[in-house]
Amino acid sequence: SRGLDGSLPKSRSLLGSALARMRAKRALGEEFWVELEEALILSDLGLDLSVDLVESVRNKVYKEGVTATDAALEMLREEMIERLDHSNRDLNLGDAPPSVVLFVGVNGVGKTTSIGKLAALLSSEGKKVVVAAGDTFRAAAAEQLEMWAQRSDVQVVKGASGADPASVVFDAISHGAAVGADFVLADTAGRLQNRQNLMDELKKIRRVAEKASGTVTEVLLVLDATTGQNGLLQAQGFAEAASVTGVILTKLDGTAKGGVAFAIEDKLHIPIKFVGLGEGILDLVPFDPKAFVYEITG
Ligand code: GDP
């Protein structure tokens, strides 16, 4: 599979450029740590995490008697990789197929696109996939899913326009069980004008899905990396209401920052499982912390 090369469109990430400037100075003093903290904050890691990260690296650097900026920056990388140390980034599987994966997130973050991409990825691995077009309020969403599904031999179950999303998900799971599907990937609506409604609807979909299948093995929250720290607030709301088990961080190709990935894992303790690197069907890859850290610090 391809790595994260090229995920950031600028010749260099914001953080990478800052680190290059700091490395050139070759002095490890107060100014270095202040600059580092600023660079981390500007890259969307958030204030608390940036301060904490600098503190850890700084302590290690002094404890080990390191004096070269190069060595200090290498320690920064190690610390950043450690902060992304989730043991399990694979999709959770149920005891018996189909494993049901709910996708949640607000409109426009790339939810439908990510379902199409993940369906294609699983299908290319020989898995049988059924997609539930649960966003019945957006006709285009079902059409988009069908278009992508055709290309990857995936079946789409959809309801009439305005149909109860929970019933579409129920039908898709029943269909998935009948045809021996390995996965049912279910889209949900993401209208945010009424947050309580949205959260209630997600809870209902979950209840109904559990009735149809026994277990929802995964609830993937889709977040747009270009929204930075705002995305984090959104994530907190969903994490509480929908028992999110994993994150898909989209549009990493559209930002020079990307530090929100650290903030998500630090604040929510939810693993990022996949990242979106473009609009094409192949542009979804499993999240690789090491490659990611080298990319944004490089
Ligand atoms: P939804 O409303 O959450 O279902 O969002 P869509 O799946 O319709 O995506 C909204 C827009 O974001 C579309 O134009 C997608 O092509 C685009 N998009 C989704 N994922 C990515 C990504 O990883 N990178 C880029 N550059 N665009 C993306």
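Across the range 181-267, C-alpha contacts under 8 Å between residues 6 or more apart give a mean separation that, scaled by the residue count, equals a relative contact order of 28 percent. Divide the volume of the convex hull around the Cα atoms of the chain by the residue count and you get 121 Å³ per residue.
Assigning unit charges at the beta carbon (Lys, Arg +1; Asp, Glu -1) and nothing else, what dipole magnitude in debye, to the nearest 20, does the chain show about its Cα centre? Spell out each step's value before the answer.
Working: 32 positive and 41 negative charges, 88 e Å.
Charge dipole of the chain: 420 debye, to the nearest 20.
Using the Cβ of Arg23 as centre and a radius below 14 Å, the other residues enclosed give a net charge of +1, where K and R count +1 and D and E count -1.
Protein chains only, probe 1.4 Å: how do Thr297, Thr245 rank by accessible area, largest first?
Values: Thr297 5, Thr245 45 Å².
Ranked list, largest accessible area first: Thr245, Thr297.
How much area per residue is accessible in the chain when the probe is 1.4 Å and only protein heavy atoms are counted (Å²)?
Values: 13060 Å² over 298 residues.
Each residue of the chain exposes 44 Å² on average to a 1.4 Å probe.
The Cα-based radius of gyration and maximum Cα-Cα distance (Dmax) for the range 52-106 are 19.2, 56 Å. If you take every residue apart from Ala177 with its C-beta less than 13 Å away from the C-beta of Ala177, what net charge results, scoring Lys and Arg +1 and Asp and Glu -1? Every neighbour counted, the sum reads 0. Nonpolar atom fraction for the range 138-263, defined as the carbon and sulfur part of the 1.4 Å probe accessible area, stands at 48 percent.
Remark: relative contact order (the chain) = 26 percent; criterion is Cα-Cα distance under 8 angstrom and separation of 6 or more residues. Report the net charge of residues surrounding Asn88, where surrounding means a beta-carbon distance below 13 angstrom and charges are Lys +1, Arg +1, Asp -1, Glu -1. Taking every Cβ under 13 Å from that of Asn88, the sum is -2. The residue list Phe238, Ser213, Val179 was ranked by how far each Cα lies along the charge dipole of the range 171-298 toward its positive end, using unit charges on Cβ atoms, and Phe238 comes out on top. At q = 0.12, 0.24, 0.25, 0.28 Å⁻¹, what log₁₀ I(q)/I(0) does a Debye calculation on the Cα points of the range 233-298 give, no solvent, two decimals? Those come out to -0.31, -1.13, -1.19, -1.35, one per q.
Once backbone amide H atoms are built at 1.01 Å from N, Ile272 has Val247 as its partners under 5 Å, excluding neighbours fewer than 5 places away on the same chain. Taking the chain as a Gaussian network of alpha-carbon nodes connected by springs under 10 Å, the highest mean-square fluctuation of the residues Glu82, Glu240, Glu30 belongs to Glu30.
From most to least packed by mean Cβ count within 10 Å, the peptides 250-262, 55-67 give 250-262, 55-67. Across the range 175-188, rounded Karplus estimates of 3J(HN,Hα) from the backbone phi angles (6.51 cos²θ - 1.76 cosθ + 1.60, θ = phi - 60°) give 4, x, 5, 5, 9, x, 6, 7, 9, 10, 9, 10, 7, 10 Hz, Gly and Pro being marked x. Return the subset of Lys60/Lys290; Lys127/Lys158; Lys128/Lys273; Lys60/Lys251; Lys25/Lys290; Lys158/Lys204 for which the Cα-Cα distance in this structure is over 22 Å, preserving the input order. From the list (Lys60/Lys290; Lys127/Lys158; Lys128/Lys273; Lys60/Lys251; Lys25/Lys290; Lys158/Lys204), the Cα-Cα distance tops 22 Å for Lys60/Lys251; Lys25/Lys290.
The values are calculated or read from the model by the stated rules, or taken from the named source; none is laboratory data. These numbers were taken from a predicted model, which means no experiment stands behind them. In this analysis, Cβ positions are derived from the backbone assuming ideal geometry, glycine residues included, and neighbour counts consider all displayed protein chains. For accessibility, only protein heavy atoms count, side chains too; no ligands or nucleic acids. Shrake-Rupley method; radii C 1.70, N 1.55, O 1.52, S 1.80 Å.
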